[in-house]
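Computed from the coordinates by the stated procedures, all read-outs in this text should not be read as laboratory data. All values derive from a computational prediction rather than experimental measurement. Note that each Cβ is placed from the backbone with ideal geometry, even for glycine, and that neighbours are counted across all protein chains shown.
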Amino acid sequence: MTLEEELDQIFAARDRDNMQPTIDALLRILDSHPRNARALYEVGGAYDTGGHGETARSFYEEALAEGLDGDLLRRCYVQYGSTLRNLGEYERSREVFRAAREAFPDSPSLGVFEALTLQAAGEPNASVASLLDVIVAHVETPDIDRYKAAITANATAIRGQTTPLSR
């Protein structure tokens, strides 16, 4: 079994209500592959899911330093930025999401979790406007399509705190 397959298997078998067996299994992998970016990321994610954000943070930072790319990089940005938010480090979380959105401008999950950071940082208007942007960019239904211009105008108005347009 390859390292990737083993990591996939451990992830698939995790119990979100009891993350310690997953953490233990991943730490054994990490002992054999201490600089493997994905292993570091998965350990961070397991600690994060288990409610250990401060520990997760260091693993995410190491994973990023070791050179994640593609979808793993995008996922790490989501989780790392969210962990920083949960730790009350709103400005650092915003920096992570800004960098992530530059790297992955079409990712709706990054937009949603960035909006959660904005809300937690006391910027509800920016948060709602950001979510409206995600809707306009990623929700394709006849109902939303009909009102995309109005939704965009409302997002602009909410950001500027001017009177929103009804349609």
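Histogrammed with a bin width of 5 Å, the alpha carbon distances of the range 93-167 distribute as 3, 18, 23, 24, 19, 10, 3 percent, first bin at zero. Taking all Cα-Cα distances within the chain, those exceeding 29 Å account for 31%. Simple point charges give the picture: +1 on the Cβ of Lys and Arg, -1 on the Cβ of Asp and Glu, and for the range 1-90 a dipole about the Cα centre of about 220 debye. Among Ser127, Ser93, Ser107, the largest mean-square fluctuation in a Gaussian network model of the chain, built with springs joining Cα atoms closer than 10 Å, belongs to Ser107. The residue among Leu40, Gly81, Leu132 whose Cα reaches farthest toward the positive pole of the charge dipole of the chain, with charges on the beta-carbon of Lys, Arg, Asp and Glu, is Leu132. Note on the range 1-68: Kirkwood hydrodynamic radius from all Cα pairs is 11.6 Å, rounded to one decimal. Local charge for Phe113 was computed over the other residues whose Cβ lies under 12 Å away, with Lys and Arg +1 and Asp and Glu -1, and equals +4. Ordering Ser32, Ser130 from the fewest to the most neighbouring beta carbons within 10 Å gives Ser32, Ser130.
Here is how the number arises for the chain: DSSP H runs of 4 or more residues each give -39500 (n - 2.57), the sum is divided by the residue count, and the result at 222 nm is -25000 deg cm²/dmol.
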